[in-house]
Amino acid sequence: MIPAEFGSTPWGRAWVRIAGATAAAGPNALLPKARSLARNHAVELTTAPGRIEARVTASGTAYPVHIDVPIWSQQTQAEVRLLLEKSVAEQPGLIAGDLSDTFETELRQKGIAIAAGLDELGAECVCRSRKRPCVHVLATLYALSQLIDERPSLAVELRGGATEAVAPPPGWVTLTALDAAAFYGD
């Protein structure tokens with residue numbers, strides 16, 4: 001079986017579902033183009049709690065995309081924090097940025113949505129397409145799902161949840177902390 005290119009974890013899959021939501025009239029014809037843009041690295045994005053900023057380059061033109069993501073309420077954030085602490089205690093080997101699939105299941109069982117629905121997102125793109133969401137917003141969501149698959153804690157951080165409970169294991173050294181020249185010698 002070939003692994004999923006987008007949404008290979010339940011964390012990324014939550015965002016793929018909203019990008020791929022279909023209308024009653026049928027499938028969205030923009031999705032293949034949006035996946036192609038994300039697959040071919042045409043999307044540069046940055047994230048912050050409640051905000052996704054992207055620059056999508058299509059046909060030689062760069063389109064800025066801004067997506068506002070609703071932040072969880074204080075009560076939901078507190079509940080997420082408790083569930084996260086429990087999850088980390090049960091699985092101490094998680095590396096920074098990783099979250100367990102059981103934590104995602106617990107959130108779902110509590111009715112806490114990882115990804116906001118398309119109707120909840122405040123998405124803006126300067127393109128002249130009449131179709132909303134446009135291909136650039138959809139490409140941004142697909143690229144976001146890839147980032148979330150690589151670092152699931154981003155899904156929680158986007159909704160305003162803190163993930164400091166997931167710390168690197170003792171003795172863990174990030175690659176950026178190493179000096180390549182000194183590591184391999186002269």
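The values are calculated or read from the model by the stated rules, or taken from the named source; none is laboratory data. All values reported here derive from a predicted model rather than from experimental measurement. Positions of Cβ are generated from backbone atoms using ideal geometry, with glycine treated the same way; all protein chains shown enter the neighbour counts. These accessible areas exclude ligands, DNA and RNA; they are computed on the full protein's heavy atoms, side chains included. Shrake-Rupley method; radii C 1.70, N 1.55, O 1.52, S 1.80 Å.
Of note:
- Kirkwood radius for segment 15-74, taken over all pairs of different Cα atoms as the inverse mean of 1/r, rounds to 13.2 Å.
- Long-range amide H partners of A58 with built H, under 5 Å: Y63
- The relative contact order of the chain, computed from alpha carbon pairs under 8 Å that lie at least 6 residues apart in sequence, is 34 percent.
- Structure-derived Rg/Rh (Cα atoms, Kirkwood Rh): which label, when the choices are (1) 0.97; (2) 1.04; (3) 1.02: (3)
- Most mobile listed residue (E120, E157, E53) in the chain, GNM with C-alpha springs under 10 Å: E120
- Accessible surface of segment 24-138, 1.4 Å probe, proportion on carbon and sulfur as whole %: 51
- Comparing A123, A62, A96 along the charge dipole axis of segment 24-123, the residue lying farthest to the positive side is A62, per the Cβ-charge model.
- Computed [θ] at 222 nm, deg cm²/dmol, the chain (DSSP H ≥ 4; -39,500 (n - 2.57); rounded to nearest 500): -11500 deg cm²/dmol
- Within straight-line cross-link reach of K110, lysines at Cα separation under 28 Å, skipping those fewer than 8 residues along the same chain: K86
- Förster radius 30 Å - calculated FRET efficiency between E85 and T57, Cβ distance, rounded to 0.05: 0.15
- Distances between placed amide hydrogens fall under 5 Å for S100 paired with no residue 5 or more residues away or on another chain.
- Taking 18 Å as the straight-line reach from the Cα of K33, the lysines in range (excluding those fewer than 8 positions away in the same chain) are K131.
- Relative to the current alpha-carbon distance between S36 and I95, full extension at 0.36 nm per residue lengthens the span by 18.2 nm.
- When each of the peptides 26-34, 89-97 is scored by the mean number of other C-beta atoms lying within 10 Å of its residues, the order from highest to lowest reads 26-34, 89-97.
- In the context of the full set of protein chains, residues of the chain present 57 Å² of accessible surface per residue (probe radius 1.4 Å, heavy atoms only).
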